[in-house]
1. Take the range 110-140 and flag every residue that is of a type in the set (D, E, K, R), free of Cβ contacts under 8 Å to residues at least 60 places away in the same chain and assigned to a loop (DSSP other than H, G, I, E, B).
2. V89 passes all but one of (1) more than 19 Å from S6 (Cβ to Cβ); (2) assigned to a loop (DSSP other than H, G, I, E, B); which number fails?
3. Among the residues of the range 34-64, what is the count of those that are touching a strand residue (DSSP E or B) at 6+ places or on another chain (Cβ under 8 Å), over 20 Å from A125 (Cβ atoms) and not aromatic (F, W, Y)?
4. State which residue is nearest to S84 (Cα to Cα) when the search covers only the range 139-190 and only residues that are touching an Asp or Glu at 6+ places or on another chain (Cβ under 8 Å) and among the polar types (S, T, N, Q).
5. Could you grab me the full set of residues in the range 1-25 that are without any contact (Cβ under 8 Å) to a residue 24 or more places away in the chain, touching a strand residue (DSSP E or B) at 6+ places or on another chain (Cβ under 7 Å), surrounded by fewer than 16 Cβ atoms within 10 Å (Cβ to Cβ) and part of a loop (DSSP other than H, G, I, E, B)?
6. What residue, of E120, E78, E109, is acidic (D, E) and touching a Lys or Arg at 6+ places or on another chain (Cβ under 6 Å)?
7. From (1) more than 24 Å from V42 (Cβ to Cβ); (2) among the aromatic types (F, W, Y); (3) modelled with pLDDT of 95 or more, pick out the condition that doesn't hold for Y96.
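The values are calculated or read from the model by the stated rules, or taken from the named source; none is laboratory data. Because the structure is predicted, anything quoted here is derived from the model rather than measured. So basically every Cβ, Gly included, is an ideal-geometry build from the backbone, and we count neighbours across all protein chains shown.
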Amino acid sequence: MNTFYSEDELKALGLKSYGENVYIGRHVILYSPEKLEIGNNVRIDDFSILSGNIRLGNYIHISHFCGLYGGDKGIVMEDYSGLSSKVTVYGVSDDYSGNSMTNPMIPAEYKPFSTQEKVEIKKHAIVGAGSIILPGVIVGEGSSIGSMSLCIRDTEPWSINVGIPAKKIKERSKELLILEKNFRENRNSEY
């Protein structure tokens, strides 16, 4: 048995849309496949959970045991971005102050301070193993989040960020843009 769904099985999942060369592990959980948009050349590894509005660009990798909880506002991963294993991205979060009730079984009217904000992971951004990204964060173009980091605020483009909370420690090289240009030229592709 193949580890990834076949083309016929992908069609049967009820995805909002998907491109070519898409690999979704047979043990991935899709809570709302009708809200999932997938570009070309995307791989989602087993034991990941995707829920809510999610849009994945081209040449994306989501490694094993990731959780993407987009809610209504959504999560966007732009081209060439990726999540290492056990990354969690929250577009929604309950309020933990005691001013709201919590958990998905409670109606929204009893959770007045819960948060729903769009998360954006920009082009060429990479998030290291075990990291967490909270609602409303924009992971800037080309920026990287080190393993086991907690990202509670936007990151600068082309920066390297680590820690709890994640903080910029230095600039990230842009050499990969030359590689992207060569890749696109050699593949005669805009992606």
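1. So in the range 110-140, the residues of a type in the set (D, E, K, R) come out as 111, 117-118, 120, 122-123.
Adding the requirement that they be free of Cβ contacts under 8 Å to residues at least 60 places away in the same chain leaves 111, 117-118, 120, 122.
Answer for the range 110-140, where residues must be of a type in the set (D, E, K, R), free of Cβ contacts under 8 Å to residues at least 60 places away in the same chain and assigned to a loop (DSSP other than H, G, I, E, B): K111, E117, K118, K122.
2. For V89, the exception is condition (2).
3. 4
4. For the range 139-190, the residue satisfying everything is S143.
5. Of everything in the range 1-25, those that are without any contact (Cβ under 8 Å) to a residue 24 or more places away in the chain, touching a strand residue (DSSP E or B) at 6+ places or on another chain (Cβ under 7 Å), surrounded by fewer than 16 Cβ atoms within 10 Å (Cβ to Cβ) and part of a loop (DSSP other than H, G, I, E, B) turn out to be L13, K16.
6. Working: E120 fails: touching a Lys or Arg at 6+ places or on another chain (Cβ under 6 Å); E109 fails: touching a Lys or Arg at 6+ places or on another chain (Cβ under 6 Å).
Selected residue: E78, the only one of E120, E78, E109 that is acidic (D, E) and touching a Lys or Arg at 6+ places or on another chain (Cβ under 6 Å).
7. Here Y96 meets the rest and fails (3).
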